[in-house]
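Comments concern the structure below.
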Amino acid sequence: MPQTQRYRPSPALGSELLAILPAERISQGSADRLIYSRDMWPKTLLSVRDNKPSVCPPDVVVWPESAEEIAAIVKLCRRDHVPLVPWGGGSGVCGGAMATSGGIVLDLKRMNRLLLASSDDGLATFQAGVIGQTLEDQLNRRGLTLGHFPASIYCSTLGGWLAARSAGQLSSKYGKIEDMVLALEAVLGDGRIVRCSSAEQPDLVPLIVGSEGTLAIITEATLRVHRLAAHRVFRAYEVPRVSAGCEGFRRALQRGLRPAVMRLYDETDSLLARASGQGRAAGGQRRLLAALGEELEARHGERIGDLKRLLLGAALSRAGMLSRLAERMLPRLSGGCLAIVGFEGEPSLCQAEVELFHAELLGVGARDLGEGPGLSWYQHRYAVSYKQSPLYAAGGFADTMEVAATWERLLPLYKSVREAISSLAMVLAHFSHAYPEGCSIYFTFAAAAEGRAKSDLLYDEIWRRGLQAVIKEGGTISHHHGVGASKAAYMAEEHGPALAVYRQLKAVMDPDGILNPGKMGL
Amino acid sequence: MTESLSLDGIAARLADIVGASHLSSAPADVDAYGGLSPFAVVWPGSPSEVAAVLKACTDLGVAVGIAGGGAGVAHHWPLTAERPRVVLDTLRMSNILDVDETSLTVLAQTGIQVRHLEEALRRQGLTLGPYPAELQLATLGGLLAAPPAIAHSPQTGLFHDGCLGLSVAHADGSSVQTRVAPRRATGPDLARVYLGSRGGLGVITTATMRVYRVPELVQPIAFAFTGLEAAHAGARELCASGVLPARLRVLGEEQALSELGDAGAPVRAACLAVLSGPGALVHVQHRLLDAILGRAGGMELPQPVAYRWWERSRSPGVQPDATPPAGARVRHSRLGEALASVRELTRRRPLNLWLDELDLHGANLWLGSRRAGEGKRSLAALLLDAGLEPFRPAFSPLMEELRQKLDPRGTLVVMES
Ligand SMILES: Cc1cc2nc3c(=O)[nH]c(=O)nc-3n(C[C@H](O)[C@H](O)[C@H](O)COP(=O)(O)OP(=O)(O)OC[C@H]3O[C@@H](n4cnc5c(N)ncnc54)[C@H](O)[C@@H]3O)c2cc1C
Ligand SMILES: Cc1cc2nc3c(=O)[nH]c(=O)nc-3n(C[C@H](O)[C@H](O)[C@H](O)COP(=O)(O)OP(=O)(O)OC[C@H]3O[C@@H](n4cnc5c(N)ncnc54)[C@H](O)[C@@H]3O)c2cc1C
């Protein structure tokens, strides 16, 4: 785990916080410190498996209720150089909310009020700590929707979405969270409370959005909201190859079509989503297979069969050989790639778009699978696993690498990443956030090594090779999970000399470097 | 350390960088920059020359104003500091470096006039988007550094939102380039630091812009209404319905007369929309639009009226009004009230009133005058009197602090208009 120099808490910290917050909103208790010691970064599960859960416990956890309280806490931290780490739902998967230098974790979930909703003006203002589904429910009651549906909607907050530039499942129509935000209130690292809006130029909103708690603590946001869709339609297709699916998606988007959902699974991922049958495996490997099966069931939201488990388990322990075999066999085995599209909005517009889209996909050799697979995906879209992954318990690990590139670079990037890591891990991928100029690729990898030390090495090596391939092919190292601690080392290559501009922003907004230190490669 | 040199010495130093033929102190050349009154103008030919010029100026204590096409309304130096001033004109940086027809992006140097960029793209069946023809004389850099409020389309958003990456030279001679990706989650969107910075943070030297295929079908449509409120209500409903026109305008009576000419019947207010895209989609959108604007009380004007307006509004010869209009952003829920107050205040003056940049949230309300000599300030004052806040670009305190970090010696000048 990346540990920057750890702050030594002053004995007076607790009592000084008491001057700002009531005692029940401050905790130095070991249970709270344990709970807030890690977010959902999969690597931390390796520690949990070893019964070493307290990777980075904060010294104090606080639950503020207003921007003014946060400003007062910031000023206190500033005086004593106490690290301050904003915490939303803790669902981030990059270690972003972990107090890697100790200090105070500031949980925003008590700041969860809807401050304004106007259907006339198509906007709503919420405090930043509101949980995603609560926000959406409140809008739905008014006939409105944000259009942002990450799989973590039940366990992530508005502030976390904005801080890490989250993407929802309907991003092709509604955009990512950064496309939905019109104005912000935030507390800077010097204690100033600022309000900024996209009406100003230069626009500060896109500078604070994405900064993962390193520049400011977001306290409220005004968002673009839409009327609830009157109508929703799904279609699924089997396309012969990834390249054909991408081509169909690209052509449709560049003609001006805006499906709400666009998902293309590569051959391996499609096989897993489809396969069923009998298979046998023995001993530890069997346990691993069962566990991986569960993991994948959670990911895909559907039951998978033993054949899949067999394939996967074998692949995990002999990843290199099996990847090569799969490369040769898959085109024959898999029956192509699954593509799901969904449209929503005014019924006649949806219908026209569906027909145009259909023609584009048939043009690249797709076969119509009707609406079934799309409906099934929609029903299970939040069926993600919240329990400690059994895959880890069985000795393996899995993670996801979500990257993006313009269309011209996309397939070379896909190929390079697979080549770079498939000797070390089983790799599957889907393409689920597409834009007229490019697309993201969501790689899932699973691997196994004996013991903690080897697992750590293997895990890091997979990321290193994968992200180096992404950078070499001119893609971005993250489309929507953010950077946090896990990708911090790659920021210099991601941004080149432009990283200096981020550092200047940091010097302006957080002059003492107290906000989320050690993250983002700053 | 700031070196001290005579104006001739400074000119010689800069000429060493750009070549003697790309620097001039001749009155005819420097006077072309009006209010800027530099002692010299330099025309660098590449991003590295720009960086070298900026570094030299910083070392020599020379203030630099950046000029693109000069379409910006009168520009002034905001400070009267007694320092030698030069204008860095991007005229020569007009190369198109790459057109990616797969990803639909173009990489160009920012001194290129939008008109020339658009012509080149059209030859490949591409376009920068359905933006008003008034932008044609501006440079790409000018539009990114000082985005005019009119550079908007409900279909494609703001012109500068189409900027996927850029490179910039700073006052100290350092350069940065933001890498292009459709979207990313790797920190702040650093390109955004420079968009709207009006030359105060650095010179934008190249930019990668999203482009579009020339639409398969373009359908202009004009509806007449009995009043602006009804026309606005129709346009608002259109924005919420998911029909995204390439252009959308709502015009008051005088403005309708000047944009539509003789429409066959008196038009008290009008809603103009241009639909574009695949034919099948445009037809469905047209039916929806007819229903929505019809419900709001609109009557469709004959097609030739709409087509004539569309042709005129995109002809490159289109001239901005003699007096630049004054505008303010107004949310939909406050527009009725705003229109009533503006009308009350302008009862005795034949002013033109219109709305554009209509989206889910609101519109820009504009007041213009076809009469020369009607100062922008007096129009802006009218908006203020009506309780609205006219556009007035200003650096926020935080941006000002960032400016001081990037350019501690204040070489670059933030232009005011
Ligand atoms: C099962 C599962 C499914 C997921 N699916 C998706 C998905 O579909 N799409 C997607 O985009 N992501 C997904 N994620 C990742 C995660 O949900 C997102 O990164 C989300 O944006 C994090 O929100 P959070 O509130 O949990 O933030 P946290 O994890 O608490 O924090 C994330 C980062 O933001 C900072 N931060 C939090 N709140 C604030 C604030 N108010 N001001 C400033 N900084 C703040 C933190 O310091 C940290 O650096 C998934 C995660 C899991 C576990
Ligand atoms: C009808 C109409 C309406 C307009 N409305 C507006 C409006 O609402 N708001 C507004 O601001 N302008 C408006 N303008 C002015 C004009 O369209 C814009 O300012 C446009 O950016 C001018 O482009 P230009 O190439 O002529 O740049 P210039 O006029 O030469 O420069 C504009 C500004 O950008 C800076 N600049 C130019 N190039 C660069 C570069 N490469 N790097 C960094 N900085 C650079 C300059 O220093 C200057 O501050 C309007 C113009 C018209 C015709």
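Readers should treat all values here as calculations from the given coordinates under stated rules, not as data from a laboratory. Predicted model only: the values in this text are computed from it and were never measured. Here the Cβ positions follow ideal geometry from the backbone for every residue, glycine too, while neighbour counts run over all protein chains shown.
Take peptide A:398-407, look around each residue's Cβ out to 10 angstrom, count Cβ atoms belonging to other protein chains, and average those counts.
Values: counts 0, 0, 0, 0, 1, 2, 5, 4, 11, 7.
Across A:398-407, the average partner-chain Cβ count within 10 Å equals 3.
Over the whole of B:172-179, what's the average partner chain Cβ count within 10 Å per residue? Rounded to a whole number, please. Working shown, then result.
Values: counts 0, 0, 3, 2, 7, 4, 4, 9.
Neighbouring Cβ atoms belonging to other protein chains average 4 per residue here.
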So how far apart, in nm, are the two label points at B:Ala120 and A:Leu375 if each is 7 Å from Cα heading toward Cβ?
-> 5.2 nm
Non-local amide H neighbours of A:Leu228 (under 5 Å, H modeled in plane, Pro and chain starts lacking H): which ones?
-> A:Leu144, A:Thr145
Determine ³J(HN,Hα), in whole Hz, for all residues of region A:341-350 in sequence, where each value follows from phi through the Karplus function 6.51 cos²θ - 1.76 cosθ + 1.60 and θ = phi - 60°; x replaces Gly and Pro.
-> 10, x, 10, 9, x, 5, x, 6, 5, 4
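With n ≥ 4 as the cut-off for DSSP H runs, can you work out [θ] at 222 nm for the protein assembly as shown, using -39500 (n - 2.57) per run divided by the number of residues, rounded to the nearest 500? The partial results should precede the final answer.
On the way: 32 runs with 337 residues, N = 939.
It comes out at -10500 deg cm²/dmol, rounded to the nearest 500.
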For region B:85-209, what class follows from the C-alpha gyration tensor (a ≥ b ≥ c being the square roots of its eigenvalues): rounded when a/c is under 1.5, otherwise prolate if a/b is larger than b/c, else oblate?
-> rounded
Can you tell which of B:Ser4, B:Gly362, B:Ala240 lies farthest toward the positive end of the dipole of chain B, using +1 and -1 charges on the Cβ of basic and acidic side chains (Lys, Arg; Asp, Glu)?
-> B:Ala240
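Under 8 Å for C-alpha pairs, at least 6 residues apart: give me the relative contact order for chain B, rounded to a whole percent. List each step's numbers first, then the result.
Values: 836 pairs, mean separation 69.9, N = 417.
So the answer I get is 17 percent.
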Partner aspartates and glutamates whose C-alpha sits under 15 Å from that of A:Lys173, ignoring same-chain residues fewer than 8 away, are A:Glu344, A:Glu346, A:Glu353, A:Glu437
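Evaluate the relative contact order of region A:1-88 (contact order divided by residue number), counting alpha-carbon pairs under 8 angstrom at least 6 apart; express in whole percent.
Values: 62 pairs, mean separation 28.5, N = 88.
Once normalised by length, the contact order is 32 percent.
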Please identify the GluC sites (Glu not before Pro) of region B:89-195 that satisfy two criteria: DSSP loop assignment and at most 16 other Cβ atoms within 10 Å. Which are they?
-> B:Glu101
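Pairs A:Lys43/A:Lys506; A:Lys472/B:Lys55; B:Lys55/B:Lys405; A:Lys415/A:Lys454; A:Lys75/A:Lys109; A:Lys52/A:Lys454: which are spaced more than 23 Å apart, C-alpha to C-alpha?
On the way: A:Lys43/A:Lys506 28 Å; A:Lys472/B:Lys55 31 Å; B:Lys55/B:Lys405 15 Å; A:Lys415/A:Lys454 26 Å; A:Lys75/A:Lys109 21 Å; A:Lys52/A:Lys454 16 Å.
The answer is A:Lys43/A:Lys506; A:Lys472/B:Lys55; A:Lys415/A:Lys454.
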If you count, for every residue in A:346-356, the Cβ atoms of partner chains within 10 Å of its Cβ, what is the mean?
-> 4
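Assign one of three labels to chain A, namely rounded, prolate or oblate, based on the Cα gyration tensor with a ≥ b ≥ c the square roots of its eigenvalues; rounded applies when a/c is under 1.5, prolate when it is not and a/b is larger than b/c, and oblate otherwise. Don't skip to the answer; put the middle values down first.
Details: a/c = 1.87, a/b = 1.30, b/c = 1.44.
Oblate, because a/c is 1.5 or more while a/b does not exceed b/c.
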Largest fluctuation, B:Ile66, B:Ile112, B:Ile96 only, Gaussian network model of chain B with Cα springs under 10 angstrom, belongs to B:Ile96
